[in-house]
1. Label the chain by shape, choosing from rounded, prolate and oblate, from the square roots a ≥ b ≥ c of the eigenvalues of the Cα gyration tensor; if a/c is under 1.5 it is rounded, and otherwise prolate applies when a/b is larger than b/c, oblate when it is not.
2. What order, most packed first, do the peptides 314-320, 121-127 have when packing is the mean number of other Cβ atoms within 10 Å of each residue?
3. Quick one: pull the percentage of alpha-carbon pairs in the range 553-667 with a separation above 26 Å.
4. What nm value, rounded to one decimal, do you get for the distance between D228 and E516 when each label is placed 7 Å out toward the C-beta?
5. Which FRET efficiency value, to the nearest 0.05, is calculated for K269 and T360 with the Förster distance at 30 angstrom and r the Cβ-Cβ distance?
6. Please quote Rg/Rh for the range 395-500 to two decimal places, taking the Kirkwood radius as Rh and restricting both calculations to Cα atoms.
7. Nearest 0.05, what FRET efficiency do K294 and D640 give at R0 = 25 Å with Cβ-Cβ as r?
8. Could you tell me what percent of the accessible area of the range 339-464 is made up of carbon and sulfur, with a 1.4 Å probe and every protein chain present?
Amino acid sequence: MTHQQLKQLEANLWDSANALRAYGGLKAADYAVPVLGLIFLKFAENKYSQHEPEILETYQKERGTRMERTIQQVALSKCGFYLPDNARYDYLLQLAGDKRAEALRDAMKGIEKYQDAKFQDVLPTEAYFDIEKKKDDILPQLLKTFSDIPKDASSDIFGKIYEYFLGKFAMSEGQKGGEFFTPTSVVRFIVEVIEPYKGKIYDPACGSGGMFVQSADFIAHEGHDLNDIYVYGQEFMGETVRLAKMNLLVHNLRGEISEVNSYESDPYKSYGKFDFVMANPPFNVKSVKESTVKNDERFYKYGLPKTKGKSDKISDANYLWISLFANSLNENGRAGFVMANSASDARHAEYDIRKKIVNTGIVDCMVSMPTNMFLTVTLPATLWFFDKQKVHTDRKDKILFLDARNVYRQIDRAHREWTAEQQQNLATIVRLYRGETECYLELIASYIKEAQEACANIAPNQETLEQQLDALVQSLKTYVKETIDEKRSPGKKKALAEADFFNALKGFKRTQANTEGLDDVRANGLTTEVALDNESQLKTGKQLEQRVELTKRKTDALKQDCNTILNLNKIADKSLKLKSDKVWTNNNLSKGDKHLEEALQVYLEAAEKMKYWFSNVNWLQSRFPDAKYEDVTGLCKMADKTEYVEEQDYSLNSGRYVGVDMSSEDITETEFRNSIYEQTSLLKTLIKESNETENQIFIALEKLLN
């Protein structure tokens, strides 16, 4: 299944499932878990079917021997679960009548019956009765909807569908959805930076387990063994714990998820234990009591974020989380996590904690994010990265600051994301900072290869477009010749005369694109080799730039010609075409305009694809022409100890270091407006916080005076 086919399947499944939710008048919160349970059932059917021949063969082979095991035990060892007959998807699909809730409950319990303790009570059971009470035909239709997932769909495809539905449900639930789902593009970037190839991965605020899933995808993409990682998650909300456990099952991930409050419980003895820590914790929590954490080394090692005075409340839990992440790493560990922007510059006790952490040398990179990347937070957040190994490198007293606030793709009015290429481009800056030049060259090479393939598709699509254009022109001319003497109404004759239709059609000539200054690329074409040295790649980048410009000029000429003929065809259809006209049909004019429009669209997409891949090559090469890290104003700055200690007083706000590139030609008016909007929003927040602080001061003074 191609990426495009998968995206279409995901969209079709969601549209069908969401239409049934609306039909039943169900809330997204009541619908999400049972629907995800059905996706799990279809996944279980597919996976079990693939392993069933081996399960039966092993069972029969061991039967009657000292090695004999029950078929359920064999299934668990081969497939990870046993699927009883009453949990088979086809059985549930073909049941008579509309009642399905009881059968689905029994199916889920039948699967869980043979699971170990950590995966008990994970699958939804009773929720199906609530749906059936609303409309008893929804469950059969849902089962039919998910039967469209191909029988040979891999675990990877099911994982992607599961994540897609999690994201859609999270978006539907707004504020509540953000409690269990971190956008995939954010998680993927964190994974790209910390590179969790093998070891123990910890997320003490794991939500639905997205950090673990993207770690698994990264490992698969890099060709490593999924069994090399073991995940540990903690989550406060019971329903979300079940989502996370289902997520682990669907993605075949080894691990444990505990339903605990991470401030109060430490089920995995996390201090100094983990190779990787990843998290998106709740921001600005002010309800934690000092007595809960003051004797816990996970939190107090760097100090507690206390409010001065006798209050037992922690002023803000942001630095409890930051301390927890730092203290959970082993001596070679890396961490990547999301944090409120305010933590980068927080003062008072938070400043003292930040100072101590920075002085350890483990802060590796700080990334300022765009606004609207999260479901619950409109203001930009910051990504923090720790690296315990960094203290043994020449980067010991260096911190990379990345300002990625202007790097994003707009999904809709209220949401943004990083594309896969934007994730890679930003991660490559981090790799250059670490001295990993070969990663930069490999990424450029992959973009060049994509651009070459896109370029190769342009010529045949251009040829098809030109054939459709010429065919429509010829058909119109033939039609004019064959019907010129036919009677037409005065109104139609007037319209044809006002448009100068006949002269325009007769005098139509194809527009020749201006190729001045592009003779080299016209004569020599684009190299088909993909080199891994910077000099060759820069040369290919220049060739691509010329090829993109040449294609743009040809595209402009072709669009102009197509629009001219489509307009003439429209006039002809309205004012030249006769009633009950077989001549029009015989000359292929009934759908000639549609064929031309389709051919134009295919050509434009091919041209845009090449331009897109070149834009990624150019984005990197224009900023890092020597394939080595260098500071780029407005984007990145490698700060030394003098800068972040003496000049900026331990601030970890990227904007203080990278500056603003006023001369940049690639900032659009929209980007400029977005930047002003973000700064205005940030200013409003700071003013609000300032007013709150001012009020607290006055209240404290009044108490003192009284």
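The values are calculated or read from the model by the stated rules, or taken from the named source; none is laboratory data. What you see is a predicted model, and the numbers here were worked out from it, not measured in a lab. Cβ: placed from backbone, ideal geometry, glycine included. Neighbour counts: every protein chain shown. Keep in mind that these areas ignore ligands, DNA and RNA; they rest on the heavy atoms of the full protein, side chains included. Shrake-Rupley method; radii C 1.70, N 1.55, O 1.52, S 1.80 Å.
1. oblate
2. Numbers: 314-320: 23.1, 121-127: 18.6.
Top of the packing list down: 314-320, 121-127.
3. Of all Cα-Cα pairs in the range 553-667, 56 percent lie more than 26 Å apart.
4. It is 5.7 nm.
5. After rounding, the FRET efficiency stands at 0.90.
6. Details: Rg = 27.9 Å, Rh = 20.2 Å.
Rg/Rh: 1.38.
7. Working: r = 35 Å, r/R0 = 1.42.
Working from the Cβ atoms, E equals 0.10.
8. Its accessible area is 47 percent carbon and sulfur atoms.
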